[in-house]
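One structure below.
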Amino acid sequence: MLDGAPMSLRFRLIGLVCLVLLISLALGAAIAYSNASRSVRTEMRAALLVGRQTIENTVERLQTARDPLRDLDDLVASFNGNRHLRVRLSGEAAAFAAPATEKATLGGVPEWFVRIIGVAPQRVQIPVAVGARDYGTIVIETDPYNETREVWNEFTGSLVTPAVFCGLTILLIYIFIGRTLQPLNRLAGALEEIGDGRYRTRISGRLAPELARLRDSFNRMAVRLAETDARDLHDEVSPYLFAIGADAATALRLLKEFRASEARENVQSIADAVRPMQRQVGRMLGRLRPIGLSEFGLKEAIENLVAFWRRRRPEICYEVTISPQCEDLGDLHATTICRVVQEALSNAVRHAGPSHVAISIEHDRDEIRVAVNDDGPGMQEQSKLSYGLVGIKERVSAIGGRLTFSTKLGEGFAVIAALPVVISATATTAEA
């Protein structure tokens, strides 16, 4: 892993589980130490007490014994193999009994463990005298090794279960998190594709309910982005294409009439339209705002839209009214208003054949009202709206507004948008 690179979620979870297990083992070891040390001390005291009582009772019986030396030898021999006591008779008849050393399950008991238990041997001396004769001294000494070994075996045995549990837990986390992260890795790849402008990317396959919701939300987002991208393409490029078509048709007619000098202006207009169209298409993935909006504000952007058509259709009278309060609108409002005016104006000039187009943008306390009216022949069937009009209707709805159309045969066509002054967070997120 490179320096500074963040640790993956998988290893974070494994590390967290290991930390919890280590803390649990440390607490368990502390409790085990306390219990083990107390248990060894208690066992040694009990063994010493029993051994002392046994020897003292036997020494009392020696007063009437026929052969005290033999009885003393038998007494010491009886302690051979005792787990906790070492017995030695010193004097006239020396004898010695050592405890049997038991083996540890996992090898010898480590010195560090013996030091931690910290139980030192205890010694008791019992003089042996029968009548006036001194037979020596019996020394009883505790040997905590076997008891410490038993505690060590219990301790190491108790580690097997948590060690196996820890290993299985880490393995399961590694496998489960790996499988869980696979869909997230797919989502990350899909998001990268979306970022590159490939809006047809979709995520499919069966997933857990939580991830399925994430998948469905991503797919809905991709659909909305694709639709928005198509609307932007129409809004930005379609007017230029129409203008190029109109200028080309005019130039062709003039050339057929051998009026080449007059056709030059139309050819230049075609060139002028191609250059901004190339820029718009080249930057479409960047989701450009309308020309002039960022640099000069809403009023200048609307006037640019009108100037574009005034050059090509100078016979139409264009009337623009913009409320001064509209200059301080947010980006979302301003962009939406420009799109509405752009599409409604383009639709009127291209299809209505009007002599007059009126554009008004008014701002009051509750809403912003945008209206584009023409005096063309009107529309017979509102159900047959152009793709561009449907697109701006979706734009307006996305920020909580409403778009309506008004038309009567012979009385023109009107596009009216009402936008809320305060946009909800949901609408803002939907548009973003």
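The values are calculated or read from the model by the stated rules, or taken from the named source; none is laboratory data. What you are looking at is a predicted structure, and each value in this text was computed from that prediction instead of being measured. Counting neighbours? That spans all protein chains shown, and the Cβs are built from the backbone with ideal geometry, glycine included. What goes into the accessible areas is simple: the full protein's heavy atoms, side chains included, and nothing from ligands, DNA or RNA. Shrake-Rupley method; radii C 1.70, N 1.55, O 1.52, S 1.80 Å.
What the table shows:
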item: Distance-filtered residues of region 116-135 - backbone nitrogen under 18 Å, label point 7 angstrom along residue 57 Cα→Cβ; result: 126
item: Carbon plus sulfur fraction of accessible area for region 77-178, probe 1.4 Å, in percent; result: 63 percent
item: Candidate residues 265, 300: accessible-area rank, largest first, probe 1.4 Å; result: 265, 300
item: Added length on full extension, which subtracts the Cα-Cα distance from 0.36 nm per residue, residue 315 to residue 217; result: 30.4 nm
item: Estimated D of region 106-179 in µm² per second, where Rh is the Kirkwood radius over Cα pairs and Stokes-Einstein applies at 20 °C, 1.002 mPa s; result: 128 µm²/s
item: Label-to-label distance, nm, for residues given as residue 96 and residue 69 (7 Å Cα→Cβ offset); result: 2.0 nm
